[in-house]
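Notes for the one structure printed next.
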Amino acid sequence: MDKSTLIAQLGQVDAQAAGEIFRGYLRGSVRQMLASVMAEEVAELTGVKYRPEIDNEFYRAGSVKGQVLLEGDRETVQRPRVRQRKESGTTKEVRLETYTAAQEPSELYKSMTRALVAGVSGREMHEVHPDSPGTSKSNVSRLWKKVGGKHVEALRSRDLASHDWLILMLDGIVLSSDQTAIVAIGITTEGRKVVLDFTLGNTENYEVCRDLLERIVDRGFHTKQRLLAITDGAKALRKGVRKFFPKAIIQRCLVHKERNIRAKLSKRDWAELARLFKRLREVQGKEAGQEVVAELETFLESRNAEALASLHEAGDELLAVHNLDVPSTLHKSLLNTNAIENSFRNVRRKIGRVTRFRAETDQASRWLSYALLEAEKGFHRIRGYEYLWRLQAALQRPPAEADPCVGQSAPPPVACAPSAVADCPRQATR
């Protein structure tokens, strides 16, 4: 079909039929182009057609039907044949490079991978690509094992030492009844979020958390000041952070804590609880935070003893960021693990069709790596990132419990302020 005929036909049919005609024209053009480049390659090997070179080791051997892949679909073409003379007197078939390239299945594999992660099962892949080879369930499974393994390698081979880290977020996501993943996200001094790594285990236990933290530390996750760690409150996560970052400041996720307390209260008390926690997230500074916590204690004391105990369980971790006296603009990002929870929502959308994670294989690691890297593509800098220098300065100050006048772990001695000389333990012993 020439261009004038194509234009004439497109003007006589509706949009849907015109689309089919145009796609057929394009496919025909691609077939003609492929036939042309194969003919050129044959001419380079054998010489001009009908004028064979007597001493040429290559010669034409007719043609045969072959199959190539166009946009992932199998297409029949006429493939020219070339043979090569050998010194032993025999000949062998020469595989044309252009024909081999036309059979290259990378585009098909990309399309199959996109369909797979979009929720198409391996059994249904043949319906998506009915005219394509290699769409059986076993082939799809092998393809995903290969592609998914590359995602795991891509995530865990990244150098973490090239960033200036400030914040670490840890949280867990349940994949199945016997598999839970602990995920770590780091935040740089510029406010950029990066997926660091994950580890799979039966629960959020200390051993799993330790393996995760050990791996990211070995890959270069270090800070120039104390670390701010934000967790969901799991004791195993807190213990793991203390092992590798003993001077870290740990902030309890207020969303998790509010959720835990709400579960112990009557529904009629939920609104007041939400109001108080909202105030806690908005106020700035240690004194204002303690004032709201006192209101929470008064409120819960008259409602539910278990709820009050849950509030007290958080201890100083409830006001860790408030005690640093950073701008409340940062509270939306630093008083919760929403940055990592939002990633989990994207992960669940990607792996929602997986009905069973086989613990004896790396299936969960492949899916989780892919989903986390996809979620990372949508990351933005945290809210209030322009004030992170205030947080960095606060984290560079020595901790309150390591007063220069007290303790073996104190930094090098410094002069006490004149007003404090009378109360200084060092002065009293002189």
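The values are calculated or read from the model by the stated rules, or taken from the named source; none is laboratory data. All values derive from a computational prediction rather than experimental measurement. All Cβ positions, even for glycine, are placed from backbone atoms using ideal geometry, and neighbour counts span all protein chains on display.
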* Count, please, the residues in the stretch 256-296 that happen to be farther than 14 Å from residue 328 by Cα and either in contact with a His (Cβ under 6 Å, 6 or more places away or on another chain) or of a type in the set (Lys, Arg) (or both). => 7
* Asked: Which number in (1) surrounded by fewer than 19 Cβ atoms within 10 Å (Cβ to Cβ); (2) touching a Gly at 6+ places or on another chain (Cβ under 8 Å) marks the one condition that residue 153 misses?
  -> (2)
* To do: Being assigned to a helix (DSSP H, G or I) and within 21 Å of residue 247 (Cβ to Cβ) is the filter; apply it to the stretch 325-341 and report the residue that is farthest from the chain's Cα centre (by Cα).
  => 330
* Structure fact -> Residue hits (the stretch 296-324; over 21 Å from residue 237 (Cα atoms), in a helix (DSSP H, G or I) and of a type in the set (D, E, K, R)) are 297, 301, 306
* In the list 181, 236, 161, which residue meets the criterion of being in a strand (DSSP E or B) and modelled with pLDDT of 85 or more? -> 181
* Among the residues of the stretch 271-290, how many are surrounded by 14 or more Cβ atoms within 10 Å (Cβ to Cβ) and either not assigned by TED's automatic domain parsing to the domain that holds residue 324 or not basic (Lys, Arg) (or both)? -> 11
* When you go through 395, 319, 324 one by one, which is the residue that is farther than 30 Å from residue 200 by Cβ, modelled with pLDDT of 80 or more, outside the structural domain of residue 287 (by TED's automatic domain parsing) and aliphatic (A, V, I, L, M)? -> 395
